[in-house]
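First comes the structure, then the notes that go with it.
The values are calculated or read from the model by the stated rules, or taken from the named source; none is laboratory data. Remember, predicted model here, so these are calculated numbers, not experimental data. Please note: Cβ atoms are built from the backbone with ideal geometry, for glycine as well, and neighbour counts cover all protein chains shown. For accessibility, only protein heavy atoms count, side chains too; no ligands or nucleic acids. Shrake-Rupley method; radii C 1.70, N 1.55, O 1.52, S 1.80 Å.
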Amino acid sequence: MTLAPETTGLLVHLRLADGWFTVCELHRLVPGRGIAALLPDDRPVAVFRDCADRLYTIDNRDPFGGAAALSRGLTIGTHRAARSRPPRCRSGFDLETGQCLDDESVRVTTYRVRGA
C-alpha cells in the first residue's frame, strides 16, 4: 500500500555541518513550487519539491540583485535539470548544482535535503 505524502507526517530535513535541520512538514511543499526558510544562523534558503516529489534546496538570495527571491521561481523538470527562474530575477539556477543557467561564473550554494 502506498500512502500519500500528505498523510504520513513526513518532515523535510536539510543537512547542515552539525546535523539535520527540520525545515517544514512535507505536505507544506506544493509540487512544482518553492518556499523560503531561514536556517538557524539566519541564512535564507529556498526549498523546492518537484512534480516527481524530489526535493532540492539552494540559497534563496539572488546573487545579482541581492533579493531573497529564488524560492519564488517555479521548478521546471526537463531532461537536463530541475531549475528555478524567479520573476524579476536576471537568471535561473540549476536546483541540483546551484549553477546559474545564464552565467557560468555564478553559482549558489546547494544543500542536501531529505524527507523523513
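Within the span defined as the stretch 24-45, every residue fails to be under 17 Å from residue 96 (Cβ atoms), over 10 Å from the mean Cα position of the chain (by Cα), modelled with pLDDT of 90 or more and not in a loop (DSSP other than H, G, I, E, B). Contact annotation: residue pairs with Cβ atoms under 9 Å, 6 or more positions apart or on different chains, pairing a residue in the stretch 95-116 that is of a type in the set (S, T, N, Q) with a partner that is assigned to a loop (DSSP other than H, G, I, E, B) and open to solvent by less than 40 Å² (accessible area, probe 1.4 Å), are 97/81; 99/81; 99/106; 99/108; 109/98; 110/95; 110/98. Of the residues making up the stretch 53-62, just one is modelled with pLDDT under 90 and either open to solvent by less than 60 Å² (accessible area, probe 1.4 Å) or within 21 Å of residue 102 (Cβ to Cβ) (or both), namely 62. Can you tell me which residues in the stretch 55-76 are under 19 Å from residue 30 (Cα atoms) and part of a loop (DSSP other than H, G, I, E, B)? Correct list: 60, 69, 73.
Within the stretch 29-52, can you find the residues that are open to solvent by 60 Å² or more (accessible area, probe 1.4 Å) and closer than 18 Å to residue 63 by Cα? Answer for the stretch 29-52, where residues must be open to solvent by 60 Å² or more (accessible area, probe 1.4 Å) and closer than 18 Å to residue 63 by Cα: 36, 38, 42, 43.
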